[in-house]
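The values are calculated or read from the model by the stated rules, or taken from the named source; none is laboratory data. Just so we're clear, the structure is a prediction, and the values are computed from it rather than from any experiment. Reconstructed Cβ throughout: ideal geometry from the backbone, glycine too, with neighbour counts over all protein chains shown. When the accessible area is computed, the model is the full protein with side chains, heavy atoms only, and any ligands, DNA or RNA have been set aside. Shrake-Rupley method; radii C 1.70, N 1.55, O 1.52, S 1.80 Å.
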Amino acid sequence: MARVVVLGAGVAGHTAALHLRRKLGRDHDVIVVSPNANWNWIPSNIWVGVGRMSAERVVFPLAPIYGRKGIEHHQAKAIAVRPEGDAEDPRGAVDVVYTDPTRAGEEARLRYDYLVNATGPRLNFGATEGLGPDGGHSWSVCTAGHATQAAAALAEVIEVLRSGRRQTLVVGMGHGTCTCEGAAFEYVFNVDHELRAAGVRELAEVVYLTNEFELGDFGVDGMSFEQQGFRTSSKLWTESLFRERNVRAILGAHVEKVEPGVVHYEQLDGTRHALPFDFAMLLPPFRGADLVAYDRAGAEVTAALFAPSGFMKVDANYAPKGYDDWAAEDWPSTYESPAYPNVFAVGIAFAPPHQISRPRKSPNGTVVAPSPPRTGMPSGVMGKTAALTIVERITKGPQAHTHTASMANMGAACVASAGTGLRTGSAAAMTMFPVVPDYARYPGSGRSLKDTIGEIGLAGHWLKLMLHYLFIYKAKARPGWQFIPE
Amino acid sequence: MTSPTPRDDAPLIAADRVVGAAPLPTEKTLKARRNLVIQAGRFVLLNARIMKMVLKGHH
């Protein structure tokens, strides 16, 4: 009998747990450790954040699903990994602290034969003074709760606009090293949509504040598209959308501080600026879960498993090299820890070997470098890949086939959709293949021009609506869930 | 409430110059983006592209 522990129940962890349970007999244990009681379809938080959807429609409790599927669920937060076990037991172990209200604060040590680290990001609001809704002065849409707060604040601003007073709304990235520019891009156009729907758009100044060097970068160094016989760029495509919707932009910015009603930022040329606002939704940078690792004797070995960012090192090439020297094959494909082959890290939890978007520094030494996105589709695929490898090793032995899924051979779709009606919404939809450019395979742009597209229209909006219902159905493990691709 | 901090518009004006040079969609394009028949076709195509990507990325 084998015990597989999955840390985290987001897209990557939940997908891994469901596939492990589907493929492994009931004589094996699948255990999920998650500090949250609920699952959240995070892409739809954007709609919650403008009041178009209630938080209840994007979250659901995990316990009934895990109970039905025979997955052991611990509502707890992992704090330490002991990959060599301890004096009592040589099996790997994870130390957890319960967040379950009935056991709050209680500590336990869970043994494992295989570990999947899918802890996702720690929302690092502390990296920027005054950032975030908890003690800070800006809003967030990273959780359903944050999004609900943002929607209430936006509704207040719309009321002020209705009274005839001008307002400035700022949406974007709260630090120079943020990722998920696509989410901020989607939110800013949802805000624009709501302001238009309320009939107050002409009184509002909407500003997109970003760490991207140019619009359309999205943390993936931009994209090339073929449209109507021309090769164009995501830069031009995105700029066109900003012009059409009259959304202003501030580029290459590192937010230094958020004060009540004022955001202070430095730009890549080293100049510092202040922008007063009436509403600001600024995403935080991400860190790893900051797990501590110990060897069997109890000595700390965190650096053997984790990068300084708190993300777990896997089968990537972490050798220091310049941005122009990296290659697609530097990216991981098995997500296995090089130190412990029974430990995997998937989704945001794995340490990327380098930025996809070119990192830049201001003359003051401030790093303005969008971090690589690894959410959504890629997260699910990684979770499934690690699960299938573990299943093979448990059922066929340690030399069994290792499944692979590199982000340099994986596509992703990003749909920025505004409105929730079937006829009134609109969307900017992008697909890219692969996520990590492979210049050897696709000379020039690094991506397949057939599979990398940008499109604006209702079709993308329908796609986003379909994905909302489809992925929640899949996450609830309803009949046939396994046939819905990650 | 707007803070008394003075506005510093230089970065916005710099970006306005770049964005202002981008092409604007024509009325015909805007209509096509809302046309149910055209968009139904695009929806099928988008789904086909995504499925192709999914299949290419799985091993």
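Go through segment A:96-112 and report how many residues are over 25 Å from the mean Cα position of the chain (by Cα) and either part of a strand (DSSP E or B) or crowded, with 18+ Cβ neighbours inside 10 Å (or both). Please lay out each step first, then the result.
In the first step, residues of segment A:96-112 are kept if they are over 25 Å from the mean Cα position of the chain (by Cα); the result is A:101-112.
Filter again for either part of a strand (DSSP E or B) or crowded, with 18+ Cβ neighbours inside 10 Å (or both), leaving A:107-112.
The total comes to 6.
Contact list please: Cβ distance under 9 Å, first residue in segment A:421-434 and farther than 27 Å from residue A:409 by Cβ, second residue among the aromatic types (Phe, Trp, Tyr) and open to solvent by 20 Å² or more (accessible area, probe 1.4 Å), pairs at least six apart or on different chains.
A:422/A:462; A:425/A:462
Can you tell me which residues in segment B:14-59 are more than 26 Å from residue A:449 (Cβ to Cβ), among the basic types (Lys, Arg) and facing chain A (nearest Cβ under 7 Å)?
B:34
Failed condition for residue A:451, given (1) open to solvent by 10 Å² or more (accessible area, probe 1.4 Å); (2) of a type in the set (Asp, Glu); (3) not in a helix (DSSP H, G or I), with all others met?
For residue A:451, the failing item is (1).
Out of segment A:316-335, which residues are outside any helix (DSSP H, G or I) and over 20 Å from the mean Cα position of the chain (by Cα)?
Within segment A:316-335, A:317, A:318, A:319, A:320, A:321, A:322, A:326, A:327 meet the criteria.
Filter segment A:197-209 down to the residues that are at pLDDT 95 or above and either farther than 16 Å from residue A:168 by Cα or charged (D, E, K, R) (or both) and list them by number.
Of everything in segment A:197-209, those that are at pLDDT 95 or above and either farther than 16 Å from residue A:168 by Cα or charged (D, E, K, R) (or both) turn out to be A:201, A:202, A:205.
For a quick check of your reading of the model, give me the residue pairs whose first member lies in segment A:222-238 and is within 22 Å of residue A:371 (Cα to Cα), whose second is among the acidic types (Asp, Glu) and open to solvent by 30 Å² or more (accessible area, probe 1.4 Å), with beta-carbon atoms closer than 8 Å and at least 6 apart or on different chains.
A:222/A:214; A:235/A:214
Quickly run through segment A:291-308 and pick out the residues that are open to solvent by less than 40 Å² (accessible area, probe 1.4 Å), within 22 Å of residue A:177 (Cα to Cα) and assigned to a loop (DSSP other than H, G, I, E, B).
A:291, A:307
Consider segment A:159-185. How many of its residues are open to solvent by 20 Å² or more (accessible area, probe 1.4 Å), more than 22 Å from residue A:217 (Cα to Cα) and either in a helix (DSSP H, G or I) or not hydroxyl-bearing (Ser, Thr, Tyr) (or both)?
Of the residues in segment A:159-185, 6 are open to solvent by 20 Å² or more (accessible area, probe 1.4 Å), more than 22 Å from residue A:217 (Cα to Cα) and either in a helix (DSSP H, G or I) or not hydroxyl-bearing (Ser, Thr, Tyr) (or both).
Sort out which residues of segment A:229-245 are out of contact with any Gly (no Cβ under 8 Å at 6 or more places or on another chain) and within 12 Å of residue B:20 (Cα to Cα), and write them in order of number.
Once the filter is applied, which keeps residues that are out of contact with any Gly (no Cβ under 8 Å at 6 or more places or on another chain) and within 12 Å of residue B:20 (Cα to Cα), segment A:229-245 yields A:240, A:241, A:242, A:244, A:245.
Looking at A:468, A:403 in this structure, which one is in contact with a Leu (Cβ under 9 Å, 6 or more places away or on another chain) and either within 22 Å of residue A:355 (Cα to Cα) or surrounded by 14 or more Cβ atoms within 10 Å (Cβ to Cβ) (or both)?
So the residue among A:468, A:403 that is in contact with a Leu (Cβ under 9 Å, 6 or more places away or on another chain) and either within 22 Å of residue A:355 (Cα to Cα) or surrounded by 14 or more Cβ atoms within 10 Å (Cβ to Cβ) (or both) is A:403.
I'd like the residue in segment A:274-290 that is assigned to a strand (DSSP E or B) and among the aromatic types (Phe, Trp, Tyr) and, out of all such residues, is nearest to residue A:211 (Cα to Cα).
A:286
In segment A:14-31, what count of residues is obtained for those that are within 14 Å of residue A:477 (Cβ to Cβ) and touching a strand residue (DSSP E or B) at 6+ places or on another chain (Cβ under 7 Å)? Please lay out each step first, then the result.
Step one: of segment A:14-31, the residues within 14 Å of residue A:477 (Cβ to Cβ) are A:14-23, A:30.
Adding the requirement that they be touching a strand residue (DSSP E or B) at 6+ places or on another chain (Cβ under 7 Å) leaves A:14, A:16-17, A:20-21, A:30.
Adding up the residues that qualify gives 6.
Of (1) more than 9 Å from every other protein chain (Cβ to nearest Cβ); (2) surrounded by fewer than 22 Cβ atoms within 10 Å (Cβ to Cβ); (3) at pLDDT below 95, residue A:423 satisfies all except one. Which?
It is condition (1) that residue A:423 fails.
It is to be established whether one or more residues within segment A:459-469 are without any contact (Cβ under 8 Å) to a residue 40 or more places away in the chain, touching a strand residue (DSSP E or B) at 6+ places or on another chain (Cβ under 6 Å) and facing chain B (nearest Cβ under 9 Å).
As a first pass, look at segment A:459-469 and keep what is without any contact (Cβ under 8 Å) to a residue 40 or more places away in the chain: A:459, A:466, A:469.
Retained after the next criterion (residues that are touching a strand residue (DSSP E or B) at 6+ places or on another chain (Cβ under 6 Å)): none.
Scanning segment A:459-469, I find no residue that is without any contact (Cβ under 8 Å) to a residue 40 or more places away in the chain, touching a strand residue (DSSP E or B) at 6+ places or on another chain (Cβ under 6 Å) and facing chain B (nearest Cβ under 9 Å), so the answer is no.
For segment A:213-269, which residues satisfy the criterion of being under 23 Å from residue A:193 (Cβ atoms), open to solvent by 20 Å² or more (accessible area, probe 1.4 Å), more than 9 Å from every other protein chain (Cβ to nearest Cβ) and in a loop (DSSP other than H, G, I, E, B)?
The one that is under 23 Å from residue A:193 (Cβ atoms), open to solvent by 20 Å² or more (accessible area, probe 1.4 Å), more than 9 Å from every other protein chain (Cβ to nearest Cβ) and in a loop (DSSP other than H, G, I, E, B): A:246.
If I filter segment A:41-75 down to residues being aliphatic (A, V, I, L, M) and touching a Phe, Trp or Tyr at 6+ places or on another chain (Cβ under 9 Å), which single residue comes out as most open to solvent (accessible area, probe 1.4 Å)? Quick ask: steps written out before the conclusion?
We begin by selecting, within segment A:41-75, every residue aliphatic (A, V, I, L, M); these are A:42, A:46, A:48, A:50, A:53, A:55, A:58-59, A:62-63, A:65, A:71.
Filter once more, so that each one left must be touching a Phe, Trp or Tyr at 6+ places or on another chain (Cβ under 9 Å): A:46, A:50, A:53, A:58-59, A:62, A:65.
Working: A:46: 8, A:50: 14, A:53: 13, A:58: 1, A:59: 41, A:62: 0, A:65: 9 Å².
Ranking the qualifying residues of segment A:41-75, first place goes to A:59.
Look through segment A:336-359, keep the residues that are closer than 25 Å to residue A:90 by Cα and part of a loop (DSSP other than H, G, I, E, B), and return whichever of them is most open to solvent (accessible area, probe 1.4 Å).
Checking each candidate, the answer is A:338.
Kindly indicate which of A:391, A:367 is at negative phi and in contact with a Leu (Cβ under 9 Å, 6 or more places away or on another chain).
On the way: A:367 fails: in contact with a Leu (Cβ under 9 Å, 6 or more places away or on another chain).
Being at negative phi and in contact with a Leu (Cβ under 9 Å, 6 or more places away or on another chain) holds for just one of A:391, A:367, which is A:391.
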